[in-house]
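The structure under discussion appears below in the form of structure tokens.
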Amino acid sequence: MEIISQLLPFVFLIAIMYFVIIRPQQKEAKAKQEMLESLKKGDKVITNGGFIVVVHKVEEKFFTIKLNDDTIAKITKDSIAKKYEDEA
């Protein structure tokens with residue numbers, strides 16, 4: 001009985017860490033993965049570098065993006081921070 005009373009605070013701390021740290025990170029990662037899978041040609045996105053670009057082509061591991069009318073580049077899917085929503 002004494003062992004259970006000593007372990008109870010540790011179990012409680014682990015449960016708090018799960019609900020405060022681990023679970024929100026898992027939900028955020030799942031939401032980002034769903035966002036990446038839903039991107040299609042013509043969507044505006046913000047890269048981790050802060051560039052607002054247009055998706056030109058969706059590939060398995062990469063996106064071909066259009067920086068302007070003349071510049072097309074290829075970036076990894078991990079380089080996308082979020083989808084850009086126009087404020088207007």
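If I filter segment 44-54 for residues that are over 23 Å from GLU85 (Cβ atoms) and not acidic (Asp, Glu), do I get at least one hit? For segment 44-54, residues over 23 Å from GLU85 (Cβ atoms) and not acidic (Asp, Glu): absent.
Number of residues in segment 1-36 that are under 25 Å from ILE72 (Cα atoms) and exposed (fewer than 10 other Cβ atoms within 10 Å of the Cβ): the value is 1. Of note, ILE52 satisfies the criterion of being aliphatic (A, V, I, L, M) and within 17 Å of the chain's Cα centre (by Cα). Look at segment 65-88: where a residue is over 16 Å from LYS41 (Cα atoms) and a partner is surrounded by 14 or more Cβ atoms within 10 Å (Cβ to Cβ) and of a type in the set (A, V, I, L, M), sitting 6+ places away or on another chain with Cβ atoms under 7 Å, you get ALA81/ILE46. Every test in (1) in a loop (DSSP other than H, G, I, E, B); (2) surrounded by fewer than 10 Cβ atoms within 10 Å (Cβ to Cβ) is passed by LYS41 save one, and that test is (2).
Any read-out appearing in this document is the output of simple, stated calculations on the displayed coordinates, not a laboratory observation. From a predicted model like this one, the values you see are computed outputs, not experimental measurements. Quick reminder, even Gly has a Cβ in these numbers, built from the backbone with ideal geometry, and neighbours come from all protein chains shown.
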